[in-house]
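Undergrad: Here you go, one structure.
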Amino acid sequence: SEKKARLRGRRALTQRGMRGVLRLRPKALPAGRRTRRTRLLAGSSVALGACLVHQQVAGSEARPSLGDWRAMLPSFSSQGGGSSASSSSLRPGEDAPAETEWSSALKEKQEHPTHSALDGGKVVVQVDDEESLPTMTLAEVRATSEEPSWFFFWRRHREEKRQILVSYEGIVYDVTEFATAHPGGRELLLAAAGCDLRHFFANYTVHGDSEKAAQWLAPLAVGKLSAEDAKEASASTTAEVHSKKRLRRLWRARRRLAAVACVILPAGVAARAVIRFVGSFLSKSVARFLARRLVSSFGVATPGYSPGAEKTGAVKDDGSKTTVAVIGGGIAGCGAAWMLARQGYDVTLYEARPHLAGNARTFDWSGFSQGTSTKRPGPGGVGKKKESDVVKSCVSVTAWPPLLYKNYEALLKTLEVATVPMPLSWFLVSKVPGVEGTLWGADPTSDDDRNELRRVFRDDFAKYDRACKFVERVTDVFTGASWYRRQDEASMYSNHSGLGMLNPFNTIPLYAVCRAFGVSATFWDVVFTPYYTASFLVDELRPFPAVFGPVIEKQIPLNPTPENSWQGHHPTKGDHHCKLTTCVTWKDAGLGIRQVFDKLVENVAVLLNRRVLSVEVDPRTGKKTIRDDGDATSRTFDKVIFACPSNAVTNVLGEENISAVEDVVLSSPAYADDFHPSTGHMHAVMHSDASVIDERYRADFLNRGSNYVEVTELQDGSINIENQYNFGIQTPAFGVADLPLNEKPVMLISHALGPGKAIDKSLIRGGGNHARAHPLYSPWNVMAVLSLRLCQGRDGIYYCSNWTTPGNCHDMSLLSGMLCAHAIGADYPFQHQPQAYKDFTRLNQLMGVF
């Protein structure tokens, strides 16, 4: 068939280093608009290895040879992706390559209604011979956004024939073929079909980190819009339109996921249990035969028996080392690489960005405003501009409760990275009419002039407390904490292991439970959601499973107790100085984060600025061949661990290497930006402008508050949640936190400024973007995690990252990577800590990796 021929052709091109075919078919334009496209040969994409561009001249086709294309490959900036010159393979003791200069066009900053600075530049596409492009109508572009009504089950085979047109600054681009090579995955690009890309470039700022997006688009131009249509296309592509299109696709994916979870998951689990029984008590060879049949028929892998899912030692029978590729340099990928490398495996780690860390990003503060001081003792002495005058702070991962993060704590002790207590203090200000007031999160008193909201919502606080205690008692029954696990320490994993998986509160939202107990919707919108948005960087918490209610109360409680907050006496402080005492952080702040990742990859080959383009599985040998955008070479591995966002995996594996179940699961996880792509919580502004804090509370907050949350009602009746993170308090290193207020540098990270506010541009230090970083806490994502077990280990490929766990946190992500490493053959490293090992086995009961 045409489809199989196309797949065979694509596979052949991949084997020659030609992954991804970018070409314009004669049907790419509507009837009457098929004109010469010789100009399309300009600007190929190195991120696809190479591309073939359809050249129609006098009715004939001409394709350049492989040698011609290699000569035409453009060189890329090291930002966000690298060529063979800018990419790097780092071993211990080697420095990262110097970053090349951006073009002047990339230095132009984008304007955005909800934030003042972005970390990416503007995407400027240079289209050759723009005047010769045929004029198209906006209706023709929008026609490609129509969703097929038959879309429901399994793979989206027929959807490959669907044309995808987008526009940007008045130019129309056909990205149909590029969709299978889009680094963010085909699903995300389909949400942009028929839309203008200005909205997407503004909110997914990774596109502006290098010239790659512009160079990808340039040869795909097929038409232009009139000035009126171009203006209408840009104005009509809003966050609401984007979110509606994305959620429509998510709901269709979830229907397929429900079919997998209700039919294939229980049948697959039962079949795997039978195979394991046969292998353990009857015949291993028979078990392997059954496992092969299960994979070939349904794509369901059985750990230890399916091809590629067997445990492999660091040294194979022929004396060579087992090679493992880890794709993604966050805590999950680095944790897996560390666990494998310490036992002798040959590990190579690919990271598309210039640095490791994933969501655990850092930021360098310098050049503070006049009136503040950064003069701290350092190697050069007080007041001299040395490296000690630059403060490296955390950004999104700042503190954690050691009671619940047992494995991460064990890792830090093994790596000898010191931690210190992080006293947190949330200050919430409500300016919503009728419920105005303030709230010090760690202060349980109700008569303080900074705690009016505890009086306003006195009944709601009590009802919320009863709801959490009820959920905790029910959960304790299912997990056995109240009858046979009384000696166990508190754990956030027990809810998803053993009988705990039958707990109905794993799927019932906390919002529904609170409403059943009489908690008002106003309390949820004005107090609960704003309070925890500061922790999760997600402003959609209604799907939040009820089982996590008691867990977050142990970490960042709304109803603090003497066990989780400081409520003692002090000669100069009163109860209003209470702070949460549940969390710790790295002693050296951002330097501590860097130290952790540097130690994790000491014995790992690290390839920075390398975006993986394809993973091809040899059906005869089981070897995996990986090609990246760094050079024309390929590398072969025995095992592969994906530690990257789910949507990116589909295009990397390719349809020929992915099973139907994997296709369903990988397209199902929802991220925060799927619901609110342009909200201020996706964008951060680092600055030193203290005027954004209400003057009435400014000095008090800057001196002792860690988080400032301001809630306002917008003109349309919606709620805006502004977050200010005070890193003058949250940065324990360099003496910043202990400086007197008049000497303390103002170090704020702002999200979603309230109406009428603006940051002084001269005090802006930088920007950040959290798109595709935070999966939602929802029953649907838990369902995807449960179903993913059917795919773990198939063909020697494993999955870990925050989206493979029930919650988005550092400890869970670390454990997901460690589970994959253990499934390959590495030993669990913290056997001497039984409570940590219990969490390790509990998460495996949910993920089913081994």
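Undergrad: If you plug each phi of the stretch 392-407 into the Karplus form 6.51 cos²θ - 1.76 cosθ + 1.60 with θ = phi - 60°, what whole-Hz ³J(HN,Hα) values come out, in order, with x for Gly and Pro?
TA: Along the stretch 392-407, the couplings run 9, 9, 6, 10, 10, 9, 10, 7, 7, x, x, 4, 9, 9, 5, 6 Hz.
Undergrad: Here is a further query. What's the center-to-center distance, using Cα atoms, between the stretch 206-276 and the stretch 747-765 in Å?
TA: 31
Undergrad: Moving on. Where the centre of each part is set by its Cα atoms, how far does the stretch 509-568 sit from the stretch 670-717, in angstrom?
TA: Their Cα centres are 18 Å away from one another.
Undergrad: Taking the Cα centre as origin and putting +1 on Lys and Arg beta-carbons and -1 on Asp and Glu beta-carbons, what dipole magnitude results for the stretch 745-850, to the nearest 20 debye?
TA: 300
Undergrad: Translational diffusion coefficient of the stretch 498-538 at 37 °C, 0.692 mPa s, Stokes-Einstein with Kirkwood Rh over Cα pairs, in µm²/s as a whole number.
TA: 281
Undergrad: Applying a 10 Å radius around every beta-carbon, put 176-186, 617-627 in order of their mean neighbour count, most first.
TA: Highest-to-lowest ranking by the protection proxy: 176-186, 617-627.
Undergrad: Find how much the distance from Asp128 to Ser226 grows on full extension, using 0.36 nm per residue of separation minus their present alpha carbon separation; answer in nm with one decimal.
TA: That pair, Asp128 and Ser226, stretches by 33.5 nm at full extension.
Undergrad: Let me ask something additional. Nearest 20 debye, what's the magnitude of the dipole of the stretch 193-333 about its Cα centre given +1 on Lys and Arg Cβ and -1 on Asp and Glu Cβ?
TA: Taking the Cα centre of the stretch 193-333 as origin, the dipole is about 800 debye.
Undergrad: Given the peptides 465-471, 589-595, 124-130, arrange them by the average over their residues of other C-beta atoms within 10 Å, most packed first.
TA: Ranked from most to least packed, the peptides come out as 589-595, 465-471, 124-130.
Undergrad: Might you work out the accessible area of Cys809 for me, using a 1.4 Å probe with all protein chains in place, and round it to the nearest 10 Å²?
TA: 20
Undergrad: Also, I was wondering about something else. Given all pairs of different Cα atoms, what value in angstroms does the Kirkwood hydrodynamic radius of the stretch 245-321 take?
TA: Evaluated on the stretch 245-321, it is 14.5 Å.
Undergrad: Arrange the peptides 517-526, 229-238 so that the one whose residues have, on average, the most other Cβ atoms within 10 Å appears first.
TA: 517-526, 229-238
Undergrad: Give me the one-decimal nm value for the distance between modelled label points at Arg473 and Thr238, 7 Å along each residue's Cα-to-Cβ direction.
TA: Calculated label separation equals 4.7 nm.
Undergrad: Here's a follow-up. All other residues with a Cβ under 11 Å from the Cβ of Leu653 taken together, and with Lys, Arg as +1 and Asp, Glu as -1, what is their net charge?
TA: -4
The values are calculated or read from the model by the stated rules, or taken from the named source; none is laboratory data. None of these values were measured; they are calculated from a predicted model. Cβ sites come from the backbone with ideal geometry, for glycine too, and all protein chains shown count toward neighbours. Side chains included, ligands, DNA and RNA excluded: accessible areas come from the protein's heavy atoms. Shrake-Rupley method; radii C 1.70, N 1.55, O 1.52, S 1.80 Å.
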